[in-house]
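Shown next, in structure tokens, is the structure this report addresses.
All of the numbers you see were taken from the coordinates with simple rules; none came from a lab. Since the structure is predicted, the reported quantities are computational estimates derived from the model, not experimental observations. Cβ: placed from backbone, ideal geometry, glycine included. Neighbour counts: every protein chain shown.
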Amino acid sequence: MMPEDLRTITMFDWLENDLLLIITDCEAASSDASFRRYFRISTPNGQFIVMDAPPAQENIAAFISVAKLLSQAQVNVPNIFQQNLTDGFLLLEDFGSQCFLDQLNANTANALYQSAFDSLFKLQTQTSLQNAGLPSYDQALLHRELAIFDEWFLGQLLDLEISEQIWNDVRTILTNSALEQPSICVHRDYHSRNLMFLTNDSPGVIDFQDAVIGPITYDLASLLRDCYIAWPEQQVEQWRDSYFERLRQAELLSCSAEQFKRWFDLMGLQRHLKAIGIFSRLHLRDGKSNYLDDIPRTLNYVTTVCAAYPELAKFNDFLREQVIPVTNRLHQL
């Protein structure tokens, strides 16, 4: 059984006394880059996942709302069997412990990504935006996310400052690119750790509570330029172009392949800058230092994209001349 703290005591009280479950075993299922925790419980009627989402830090109502929205779009999200909004607990379907990241290799990648594309296509084409109640991925949110990179990575972790002019140019370029794209439902964290490998109806999709209405390339960039696993650029281009054609045939967009590539690249850049800031914050504020190992891969995505666009040359120079040397020294400690 799990060691007891105040929240686990409250959780067991709800499970055993309110839901009348007989719990024969309980273990930590996973934790993520938030205040949420997940436990796998065993009962005579099978296994379940319990989400522990402290109401002061996490919006459990958003999880429930988005789960319903995605389920109606035929996206395979976990069933919610019981809910406790007051204390912040959900009893969920157990999708097991194998995520795509555990299964991905050169032999399995095509099949796994095809199933991920199919699920993403359902999310993008079958989600009703009119009554979704999702927030918009607007300029204010884009700027708040980019500020995480400036504050936590450059400022707090590396003790560096970027010139106001360069940073304003970067924000403008990325924001304009994001806002000019067609808007659809965006999972916002659609990557190999949030896609669960299942025997039937794979993938199981999790961690969707931050969904928004936003740019059409966001989830595709999150999937193909994953912060946790990298693929050869030629392979990424093949997957990207194939999915672009699928969107074009579905009349979700009417842009050129070159325009889609630019949107994809710059959307990925925005996401990666935010992710680097979040990894830094997880280390400095929350003591989750394992995320530091993902910064070099993510920063490589950033510099590769910056090198391909002349308007980002000054930012790229700043990264290569100041940021990368300090980052390399940090990882040698």
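Results, tabulated for the structure shown:
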| read-out | value |
| --- | --- |
| Under 5 Å, built H, 5+ apart or other chain: amide partners of ILE216 | ILE184 |
| Under 5 Å, built H, 5+ apart or other chain: amide partners of GLN82 | LEU91 |
| Listed pairs LYS122/LYS314; LYS68/LYS288; LYS274/LYS314; LYS261/LYS314 exceeding 29 Å between Cα atoms | LYS122/LYS314; LYS68/LYS288 |
| Residue (of LEU91, GLN126, PHE12) at the positive-pole extreme of the chain, dipole from beta-carbon charges | GLN126 |
| From phi via Karplus (6.51, -1.76, 1.60), per-residue ³J(HN,Hα) for region 14-20 in Hz, x at Gly/Pro | 5, 5, 8, 9, 8, 8, 6 |
| Exposure proxy order (Cβ contacts within 10 Å, fewest to most) of HIS143, HIS187 | HIS143, HIS187 |
| Helical segments meeting 27 Å axial Cα length and Kyte-Doolittle -1.0 threshold in the chain (DSSP H) | 257-284 |
| DSSP bridge pairs, the chain: antiparallel proportion in percent, nearest 5 | 95 percent |
| Calculated FRET efficiency for the pair LYS314/GLN74, C-beta based, R₀ 35 Å, to 0.05 | 0.15 |
| 222 nm mean residue ellipticity, helices alone, for the chain (DSSP H n ≥ 4; -39,500 (n - 2.57); rounded to 500) | -14000 deg cm²/dmol |
| Region 266-285 versus region 218-250: alpha-carbon centroid distance in Å | 20 Å |
| Average Cα contact separation per residue, the chain, under 8 Å, 6 or more apart, as relative contact order % | 15 percent |
| Net lengthening on full extension, ALA61/VAL326 (0.36 nm per residue, minus Cα-Cα) | 91.3 nm |
| Total formal charge among the other residues, if their Cβ is under 12 angstrom from that of MET196, Lys/Arg +1 and Asp/Glu -1 | -4 |
| Interchain or long-range residues, amide H under 5 Å from ALA29's placed H | TYR38, PHE39, ARG40 |
